Amino acid sequence: MTQTFWLTAAVMIILALAFVIAPLFFHRSGRRAELDLRNQNLLAYRSRMAELDREFEAGAMDEDSYRQLREELAGSMLDDVPDADQGVLESPKQVHGGKSSFAVVLASLVIVPAAAVFLYQQWGALDDVEQFRSMQEMMAADGDRLGQMQELTAQLRERLEENPDNTEGWAMLGRTYMRLEQYSDAAWAFEQLAGSIDEDDNGKAVAWGLSAQARFFLSQGGMTPEVTETIEKARDLNPDEVNSLGLLGIHAFSQENYEQAIRYWERIVAVAPDHPQIGSIRQGIEQAYQRLGREVPEDEAEVAAGPGVTVRVELAESFRDEVPDDTTLFVLARSAEGQGGPPLAVARLTAGQLPADVRLDDRFNMSPDSKVSEAGEVRVQARLSRSGTARPQAGDWEGELDEPVPVGGADADVVTLEIDTRLVQ
């Protein structure tokens, strides 16, 4: 892309030079033609004047006729040969003018390209173009090509360090590091994102919240001083920063402080009802109420009253010591027709919440055009993801029900799903 840019720039410079140089040559050739015509008319005038002089000296005409014809000839000469004498005198200047034009051409060939390159380096956006190119390549890179993704990430990081004002670039870099499980680098990238945001406390708070999330994963779910300090930076800017509230809720749940977990998660529901993970947050609230042995409030129960399936997800005894509590848990429902395909609904929890009763209904729909409530039966699967992404990877833990589950009301039977398989490939 950079080569294409400079080729295009070269073509534009050549066109610019053409506008400068062409008029000089056209003007010069036009001036030469004008001088040629003037000199021809001047020679004709002198020839006729010499002929009149000879006729007058030979006595072929009187003095009055001679003067009258001479005046008429002079007037005709002024019409046909304007500034004739001056034209003859300026011929040496024309030679000098030709040299000047040649000098202008040479200067333009040097100055115009050099000025274009210099000014673009000063005021242009080539760094942004290169950053955008890296971002586009990263978005197009397939997740299985880990080596290519790491190489593109390194390129983007280098360009962002040279030109650190690209907020979108820092956000993408942080998300990519999270995907690569390079949590320390992700936390750093999100901190750089916070530093690149001006006059937007909410945006800065989100960046610090994402950094806290990366540090939380780095500590394997431990509320370390670094995590706590980063959360405080986020909440100093915005007490309702949802990433920080989510982490505090998860930590409280893991400490069996379910009341506090409910407060944090219900605050997310209040301030961000359109949050992408609102279904999972509501599910966590329900789980916390269940752990307290209390009924779910009516407003929460009403949300979960639509058609769906209720699944009790458990972890096999052989894996319980292997799975960190902060490992992301995905519970998915797919159409029973055919194999594979995108899920109809996805609920997201953590391993620390297991065993968990999950209600998969329209709260967790992946698309408004594909709803659990409109499916007769669904296939249910659960996966513990080490990377935090829904795509299965080696090392993840997984479980799946052998038979499709009928979609029904909230009073339908609960089915049990055990995560009992470790993915090898």
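What is the order of Leu173, Leu180, fewest Cβ neighbours within 10 Å to most?
Fewest-to-most Cβ neighbours within 10 Å comes out as Leu180, Leu173.
Show me 209-216, 311-318 ranked by packing, highest mean number of other Cβ atoms within 10 Å first. Don't jump to the answer; show the numbers that get you there.
Working: 209-216: 26.6, 311-318: 16.5.
The packing order, highest mean first, is 209-216, 311-318.
Any idea what diffusion coefficient the stretch 342-409 gets from Stokes-Einstein, in µm²/s, Kirkwood Rh on alpha carbon pairs, 25 °C, 0.890 mPa s?
Values: Rh = 13.2 Å.
The calculation lands on 186 µm²/s.
What does the highest-first list of 383-394, 242-253 look like by mean Cβ count within 10 Å?
242-253, 383-394
Report the paramagnetic label zone for Thr421: residues of the stretch 365-386 whose backbone N is under 19 Å from a point 7 Å from Cα along the Cα-to-Cβ axis.
Inside the label zone: 378-386.
Using a Förster distance of 41 angstrom, determine the FRET efficiency expected from the C-beta separation of Arg386 and Asp200, and round it to 0.05.
0.75
Spin-label point model (7 Å from Cα, Cβ direction): what's the Ser370 to Arg46 distance in nm?
Here the answer is 9.5 nm between the modelled labels.
Enumerate the calculated ³J(HN,Hα) couplings along the stretch 152-169 in order (Karplus 6.51 cos²θ - 1.76 cosθ + 1.60, θ = phi - 60°), each rounded to whole Hz, writing x wherever the residue is Gly or Pro.
5, 5, 5, 5, 5, 4, 4, 6, 5, 5, 6, 9, x, 8, 8, 5, 5, x
What is the log10 of I(q)/I(0) for the stretch 308-425, computed with the Debye formula using one identical point scatterer on each Cα and no solvent, at q = 0.17 Å⁻¹?
For the stretch 308-425, the Cα-only Debye profile gives -0.78.
In nm, what is the difference between 0.36 nm times the number of residues separating Ala270 and Gln68 and their Cα-Cα distance?
On the way: separation 202, 0.36 × 202 = 72.72 nm, distance 10.89 nm.
Extending this stretch completely gives an extra 61.8 nm.
So if R0 is 56 Å, what FRET efficiency would Glu229 and Glu377 give, r being the distance between their Cβ atoms, rounded to the nearest 0.05?
Calculated value: 0.70.
For each of Thr167, Thr153, count neighbouring Cβ atoms within 10 Å of the residue's Cβ, then give the residues from fewest to most.
Placing the least packed residue first, the sequence is Thr167, Thr153.
Which FRET efficiency value, to the nearest 0.05, do you get for Asn257 and Glu337 by plugging their Cβ-Cβ distance into 1/(1 + (r/R0)^6) with R0 = 51 Å?
E between Asn257 and Glu337, to the nearest 0.05, is 0.75.
If I take all pairs of Cα atoms in the stretch 170-299, what percentage of them are more than 20 Å from each other? Display every interim value, and only then the final one.
Values: 3783 of 8385 pairs.
Of all Cα-Cα pairs in the stretch 170-299, 45 percent lie more than 20 Å apart.
Considering the stretch 141-235, what Rg and Dmax in Å follow from its alpha-carbon atoms?
13.3, 39
Test of understanding: ordering Arg54, Arg379 by Cβ neighbours within 10 Å, fewest first, what list do you get?
By the 10 Å Cβ count, ascending, the order reads Arg54, Arg379.
The numbers here are math on the coordinates, done by the rules we state, and not lab data. All figures in this text were calculated on a predicted structure; none of them were measured in a lab. Cβ atoms come from the backbone with ideal geometry, glycine included; neighbour counts cover every protein chain shown.
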